[in-house]
Amino acid sequence: MQIYWTKINKIIEETPEVKTYLLDCPKDFTWEEGSHTHFALKGFNAGDKPNRSLIRHMSISTLPHENSIGITTRIREQCSEFKTVLRNLGVGDEVALFKTHSNVPLKREHKNVYLLSSGVGLATFRPLVLDYFERADNVNQIHSLNIDSSKDFLFTTIFESAPDKNFTSQFVDNRKDYYEEVKTLAADKNGLFYVVGSDEFLVQNIKVLREQGIKPEQIMLDKREHALPEFLSFDLSI
């Protein structure tokens, strides 16, 4: 397993609780839209076993041509050991990346694409939307729906409806409105539904989508293949 050590080159405060850490691109480090990586802090591999409290599974919120690896995360006042250490890092500090993989690249199958996310989960979709803006081939349209109870919505300059690009973006701040909207979107029985958020959020979205007649193969999750059945084998008879 190759570990890429790299430096923070910029920290962007997206909202009062959300920061994007822009990292230098190590030589030979490659990724595509929808990628996640293991993001580790100094000392994670100092002992006999990796210190898992210093490692997190994070989405990459940038595309390669932006020349920085973006890691966008929410850091609340009360937070984990990992977030506490991360909050105290600055430009020039080193972090590590390894095991990078994409579970949710943009499918180009002449269908409508729906991006369903919660809070900072939108960071996973930022590269997909940018990729679509650059090359819309074989994608009919994209609709993004994000729920964030903080009302500090992310990436609003990118997630802004653009009718000329067949792109619509919606932000809601409560579950009732969010799930009503999901049901409306699920009227498209041929659409592709990407879902990013906590496991609880995934389960609830899958339940709503399946009840509306959306098939498991139309639902894309940011999970490795072996974990998909655990989420997608939803029993409609329950």
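The values are calculated or read from the model by the stated rules, or taken from the named source; none is laboratory data. The structure presented is a predicted model; accordingly, all values stated were derived computationally and were not measured. Cβ: placed from backbone, ideal geometry, glycine included. Neighbour counts: every protein chain shown. Just the protein is used for accessible areas: all its heavy atoms, side chains included, with ligands, DNA and RNA removed. Shrake-Rupley method; radii C 1.70, N 1.55, O 1.52, S 1.80 Å.
Under 21 Å Cα-Cα from K49, which lysines qualify once same-chain neighbours fewer than 8 residues away are excluded? Partners found: K83, K99.
Using the alpha-carbon atoms, what tilt in degrees (0 to 90, nearest 10) does helix 175-185 show relative to the longest principal axis of the chain? Helix 175-185 sits roughly 60 degrees off the main axis of the chain. Between the beta carbons of K176 and R76, assuming R0 = 30 Å, the FRET efficiency works out to 0.80 to the nearest 0.05.
Summary value for region 126-183: 38 percent relative contact order, contacts being C-alpha pairs under 8 angstrom separated by 6+ residues. Scan around V18 for amide H atoms under 5 Å from its own, H built in the peptide plane at 1.01 Å from N, and keep only partners 5 or more places away or cross-chain. Residues meeting the amide H criterion: I75. Cross-link partners of K207 among lysines, defined as those whose alpha carbon lies under 29 angstrom from its own and excluding same-chain residues fewer than eight positions apart: K107, K111, K151, K176, K183, K189, K215, K223. Taking every DSSP beta bridge that has both ends in region 98-238, the antiparallel portion is near 5%. Oblate is the label for region 174-224, because a/c, from the alpha-carbon gyration tensor with a ≥ b ≥ c as root eigenvalues, is 1.5 or above and a/b does not exceed b/c. Assuming a ≥ b ≥ c are the square roots of the Cα gyration tensor eigenvalues, decide whether region 134-238 counts as rounded (a/c under 1.5), prolate (otherwise, with a/b larger than b/c) or oblate. Judged from the Cα gyration tensor, region 134-238 comes out prolate (a/c at least 1.5, a/b above b/c).
Hey, what did the chain get for relative contact order, percent, Cα under 8 Å, at least 6 apart?
18
Amide H to amide H, with H built 1.01 Å from N, D188 comes under 5 Å of no residue 5 or more places away or on another chain. On a per residue basis, region 142-187 carries 53 Å² of accessible surface, using protein heavy atoms and a 1.4 Å probe.
In the full protein context, region 1-90 carries 54 Å² of accessible surface per residue, based on a 1.4 Å probe and ignoring ligands, DNA and RNA.
For the peptides 143-156, 108-121, 2-15, the ranking by packing is 108-121, 143-156, 2-15, with the highest mean count of neighbouring Cβ atoms within 10 Å listed first. Per the 1.4 Å probe, what fraction of the accessible area of the chain, in percent, lies on carbon and sulfur atoms? On the chain, the fraction of accessible area on carbon and sulfur atoms equals 46 percent. For the Cα atoms of the chain, what angle does the longest principal axis make with the long axis of helix 199-211, in degrees from 0 to 90, nearest 10? Helix 199-211 sits at roughly 20 degrees to that axis. The magnitude of the dipole of the chain, with charges of +1 and -1 set on the Cβ of Lys/Arg and Asp/Glu and taken from the Cα centre, is near 380 debye. Once each part is reduced to its C-alpha centroid, what is the distance from region 192-217 to region 62-125 in angstrom? One Cα centre to the other: 21 Å. Rounded, prolate or oblate, given the Cα gyration tensor of the chain, with a/c below 1.5 counting as rounded? In terms of gyration-tensor shape, prolate. Couplings 3J(HN,Hα) of region 144-150, computed from phi: 10, 10, 10, 10, 8, 5, 6 Hz, in residue order, whole Hz [Karplus 6.51 cos²θ - 1.76 cosθ + 1.60, θ = phi - 60°; x for Gly and Pro]. 3J(HN,Hα) along region 105-122, derived from phi through the Karplus expression 6.51 cos²θ - 1.76 cosθ + 1.60 where θ = phi - 60°, amounts to x, 6, 7, 10, 10, 6, 10, 7, 10, 10, 9, 10, 9, 10, x, 6, x, 4 Hz, with x in place of Gly and Pro.
Take every DSSP beta bridge whose two residues both sit in the chain; close to 55 percent of them are antiparallel. The relative contact order of region 1-49, computed from alpha carbon pairs under 8 Å that lie at least 6 residues apart in sequence, is 27 percent.
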